[in-house]
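**Q** Structure provided below as structure tokens; questions to follow.
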Amino acid sequence: MTNEVEHYDTVVVGGGQAGLTAGYYLRRSGRPFTILDAHPRVGDAWRTRWASLRLFTPARFDGLPGLPFPAPPWSFPTKDELADYLEGYAEHFELPVRTGVAVDGLAKAGDRFVVTAGERRFEADNVIVATGAHRVPKLPTFASELDPRIVQLHSADYRDPSQLQPGDVLVVGAGNSGAEIARDLAPTHSVRVAGPSTGEIPVRHGSRQARIAFRLVRLLGHRVLRVDTRLGRKLGPKLTSKGDPLIRTKSKDLAAAGVERVLARVTGVREGLPVLDDGQVLDVANVIWCTGFRTDFGWVDLPVFDDDGQPLHRRGIVESEPGLYFLGLVFLYSVSSDVLPNRGRDAEHIARHIELRGAVRAVGAGRPAVVTA
């Protein structure tokens with residue numbers, strides 16, 4: 001007995017903001033598609049983050065195409081408000097999101113793609129991989145050497161201070177996540193943040209000056225720093241590979257909260273305790289790893305990656321494997337490609353390519369080609 005196979009023109013893997021914007025434009029083209037997402041509800045990737053998290057971008061820049069974010073324009077939504085907005089977005093545009101479907105394979109059978117999720121099988125002419133740029137938590141190899149009595153969490157698993165035991169906390173990583181989590185923990189624990197400074201924006205977040213600065217940064221990141229401009233090719237990879245400057249919680253805020261800053265790196269473990277690159281051993285009861293994320297495309301069984309495991313594409317289009325697309329990657333087309341202020345530009349480009357590809361295939365099959373504007 002074989003499992004039933006579902007057939008679609010396009011399968012979108014991932015129901016976050018990237019996958020939903022792809023769905024918005026695919027819906028407009030009238031082509032049959034489905035969106036597969038592993039979470040129980042749309043927006044759960046945000047709901048499961050730490051309780052006090054707020055966006056760094058104002059609400060006026062957080063909306064997806066066709067539906068403004070329902071909040072004062074210069075407010076900073078909570079992670080739950082964004083999650084509910086994404087769920088409402090899918091409902092508003094009647095996007096066919098299949099939740100609870102964890103995709104574990106993508107391959108080719110003949111001229112069609114085969115997407116598998118356990119015993120489920122989906123075949124499609126096109127697949128958009130929209131699983132996001134930040135999928136798998138990164139941990140140093142020596143993390144497993146810490147004394148098992150130390151509670152250690154990655155920022156992806158941190159929710160609130162109740163997860164930690166009494167005693168000192170070491171937050172590894174001095175970027176925005178590290179600063180925000182350290183401040184969240186400061187009222188209940190003695191906290192140190194270790195790692196080189198990433199800098200900080202020179203104005204108060206949310207102030208009138210910051211509003212002007214944000215517009216300029218968004219203009220540069222969206223319109224200027226792109227893969228098809230000389231300045232973008234020079235600066236884009238550098239800007240997207242280094243940590244963002246502190247935005248909301250600054251050094252002075254950490255000091256005021258009683259958080260200790262340690263500029264040295266955590267480089268190893270000695271007798272079960274974390275060690276800094278200056279040789280200092282830190283006797284702590286808890287460690288929070290704010291060490292970022294990595295992409296994981298091990299489930300894609302197609303020869304479309306470079307030696308570093310990154311997709312080979314041109315603005316999300318995999319030319320060596322027609323019909324395959326990637327969306328939501330860091331610097332896919334511009335510095336804004338993996339964040340909300342992208343406003344669906346990359347998704348629109350890919351959806352248009354799928355539409356034109358379908359028209360060409362229809363002509364080749366002797367059918368009339370219909371392409372909507």
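The values are calculated or read from the model by the stated rules, or taken from the named source; none is laboratory data. Since the model is a prediction, treat every value here as computed from it, not as a measurement. Cβ placement follows ideal geometry from the backbone for every residue including glycine, while neighbour counts extend to all protein chains displayed.
**Q** Which one of THR21, THR10, THR57 is touching a residue at least 24 places away in the same chain (Cβ under 8 Å), polar (S, T, N, Q), surrounded by 16 or more Cβ atoms within 10 Å (Cβ to Cβ) and part of a loop (DSSP other than H, G, I, E, B)?
**A** Values: THR21 fails: part of a loop (DSSP other than H, G, I, E, B); THR10 fails: part of a loop (DSSP other than H, G, I, E, B).
Just one listed residue meets the conditions, THR57.
**Q** Just to confirm my filter: which strands (runs of 3 or more DSSP E) fall fully inside the range 254-356 and include at least 3 residues that are not hydroxyl-bearing (Ser, Thr, Tyr)? Working first, answer last.
**A** Working: elements: 260-262, 266-270, 273-276, 286-289, 324-326.
In the range 254-356, 260-262, 266-270, 273-276, 286-289 are the strands (runs of 3 or more DSSP E) which contain 3 or more residues that are not hydroxyl-bearing (Ser, Thr, Tyr).
**Q** Among the residues of the range 59-80, how many are charged (D, E, K, R) and in contact with a strand residue (DSSP E or B) (Cβ under 9 Å, 6 or more places away or on another chain)? If you could, list the steps in order and put the result at the bottom.
**A** The initial filter retains those residues of the range 59-80 that are charged (D, E, K, R), namely 60, 62, 79-80.
Now drop any that are not in contact with a strand residue (DSSP E or B) (Cβ under 9 Å, 6 or more places away or on another chain), which leaves 79.
Looking only at that region, the number is 1.
**Q** Check the range 222-232 and report whether any residue there is of a type in the set (A, V, I, L, M) and within 15 Å of GLY175 (Cβ to Cβ). Working first, answer last.
**A** From the range 222-232, those of a type in the set (A, V, I, L, M) are 224-225, 227, 231; that's our starting set.
Then keep just the ones that are within 15 Å of GLY175 (Cβ to Cβ); that gives none.
No; the residues of the range 222-232 include none that is of a type in the set (A, V, I, L, M) and within 15 Å of GLY175 (Cβ to Cβ).
**Q** Name the residue, out of LEU164, LEU185, LEU170, that is farther than 19 Å from SER52 by Cβ, assigned by TED's automatic domain parsing to the domain that holds PHE214, in contact (Cβ under 8 Å) with a residue 12 or more places away in the chain and among the aliphatic types (A, V, I, L, M).
**A** Going through LEU164, LEU185, LEU170 in turn, the sole match is LEU170.
**Q** Further, regarding this structure: Would you pick out the residues in the range 45-54 that are more than 14 Å from the chain's Cα centre (by Cα) and either assigned to a loop (DSSP other than H, G, I, E, B) or farther than 29 Å from ARG183 by Cα (or both)?
**A** Across the range 45-54, the qualifying residues are TRP50, ALA51, SER52, LEU53.
**Q** Among the hydrophobic types (A, V, I, L, M, F, W, C) and touching a Leu at 6+ places or on another chain (Cβ under 7 Å): which single residue out of ALA362, ALA351 fits that description? Before you say what the answer is, go through the steps one by one.
**A** Numbers: ALA362 fails: touching a Leu at 6+ places or on another chain (Cβ under 7 Å).
Answer to the selection: ALA351.
**Q** Against the conditions (1) free of Cβ contacts under 8 Å to residues at least 60 places away in the same chain; (2) within 17 Å of the chain's Cα centre (by Cα); (3) more than 22 Å from ILE247 (Cβ to Cβ); (4) outside any loop (DSSP other than H, G, I, E, B), where does VAL42 fall short? Just the number, please.
**A** (4)
**Q** Here is a follow-up. Answer yes or no as to whether ARG215 is closer than 30 Å to HIS313 by Cα and either out of contact with any Pro (no Cβ under 7 Å at 6 or more places or on another chain) or without any contact (Cβ under 8 Å) to a residue 24 or more places away in the chain (or both). Give the derivation first.
**A** Values: closer than 30 Å to HIS313 by Cα: yes; either out of contact with any Pro (no Cβ under 7 Å at 6 or more places or on another chain) or without any contact (Cβ under 8 Å) to a residue 24 or more places away in the chain (or both): yes.
The answer is yes for ARG215.
**Q** OK, next. Of the residues that sit in the range 60-71 and are assigned to a loop (DSSP other than H, G, I, E, B) and either of a type in the set (A, V, I, L, M) or touching a Pro at 6+ places or on another chain (Cβ under 7 Å) (or both), which one is nearest to HIS154 (Cα to Cα)? Walk me through how you get there before you give the answer.
**A** Going residue by residue through the range 60-71, those that are assigned to a loop (DSSP other than H, G, I, E, B) are 62-63, 65-66, 68-71.
Of the ones still in play, those that are also either of a type in the set (A, V, I, L, M) or touching a Pro at 6+ places or on another chain (Cβ under 7 Å) (or both) are 62, 69, 71.
Values: ASP62: 26, PHE69: 30, ALA71: 30 Å.
By that ranking, first place goes to ASP62.
**Q** Which numbered condition trips up ILE181, out of (1) modelled with pLDDT of 95 or more; (2) part of a loop (DSSP other than H, G, I, E, B); (3) within 20 Å of the chain's Cα centre (by Cα)?
**A** For ILE181, the exception is condition (2).
Rundown of residues vs (1) among the small types (Gly, Ala, Ser); (2) without any contact (Cβ under 8 Å) to a residue 40 or more places away in the chain, yes/no style:
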| position | (1), (2) |
| --- | --- |
| PHE297 | no, no |
| LEU302 | no, no |
| PHE305 | no, yes |
| ARG314 | no, yes |
| GLY323 | yes, no |
| VAL330 | no, no |
| TYR333 | no, no |
| VAL339 | no, no |
| HIS353 | no, yes |
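**Q** Right, another one. Here are some residues: LEU276, LEU254, LEU263, LEU312. Which one is assigned by TED's automatic domain parsing to the domain that holds GLN163, under 28 Å from the mean Cα position of the chain (by Cα), at pLDDT 95 or above and of a type in the set (A, V, I, L, M)? Before the answer, list the steps.
**A** Details: LEU276 fails: under 28 Å from the mean Cα position of the chain (by Cα); LEU263 fails: at pLDDT 95 or above; LEU312 fails: assigned by TED's automatic domain parsing to the domain that holds GLN163.
One residue alone meets the criteria, LEU254.
**Q** How about the range 39-54: which of its residues are surrounded by 21 or more Cβ atoms within 10 Å (Cβ to Cβ) and of a type in the set (Val, Ile, Thr)?
**A** Hit for the range 39-54 is VAL42, nothing else.
**Q** Okay, next question. Can you tell me how many residues in the range 220-252 are over 16 Å from PHE56 (Cα atoms) and not in a loop (DSSP other than H, G, I, E, B)? Before the answer, list the steps.
**A** Step one: filter the range 220-252 for residues over 16 Å from PHE56 (Cα atoms), giving 220, 222-242, 251-252.
The next check asks that each one be not in a loop (DSSP other than H, G, I, E, B); those that pass are 220, 222-224, 226, 230-241, 251-252.
Residues that pass the stated criteria total 19.
**Q** With over 21 Å from the mean Cα position of the chain (by Cα) and buried (at least 19 other Cβ atoms within 10 Å of the Cβ) as the only criterion, which of ASP125, ASP147 stands out? Spell out the reasoning first.
**A** Working: ASP147 fails: buried (at least 19 other Cβ atoms within 10 Å of the Cβ).
One residue alone meets the criteria, ASP125.
**Q** Quick one: in the range 24-38, of everything that is surrounded by fewer than 19 Cβ atoms within 10 Å (Cβ to Cβ) and not in a helix (DSSP H, G or I), which residue is modelled with the highest pLDDT?
**A** Step by step, filter the range 24-38, then rank; the result is ALA38.
**Q** For residues that are surrounded by fewer than 16 Cβ atoms within 10 Å (Cβ to Cβ) and over 23 Å from the mean Cα position of the chain (by Cα), tally how many sit in the range 283-309.
**A** The total comes to 2.
**Q** Would a scan of the range 235-245 turn up a residue that is surrounded by fewer than 18 Cβ atoms within 10 Å (Cβ to Cβ), of a type in the set (A, V, I, L, M) and outside the structural domain of GLY344 (by TED's automatic domain parsing)? Spell out how you get there, then give the answer.
**A** Kept after step one, since they are surrounded by fewer than 18 Cβ atoms within 10 Å (Cβ to Cβ), are these residues of the range 235-245: 235, 237-239, 241-242, 244-245.
The next check asks that each one be of a type in the set (A, V, I, L, M); those that pass are 235, 239.
Checking the rest, the ones that are also outside the structural domain of GLY344 (by TED's automatic domain parsing) come to 235, 239.
Looking through the range 235-245, at least one residue is surrounded by fewer than 18 Cβ atoms within 10 Å (Cβ to Cβ), of a type in the set (A, V, I, L, M) and outside the structural domain of GLY344 (by TED's automatic domain parsing).
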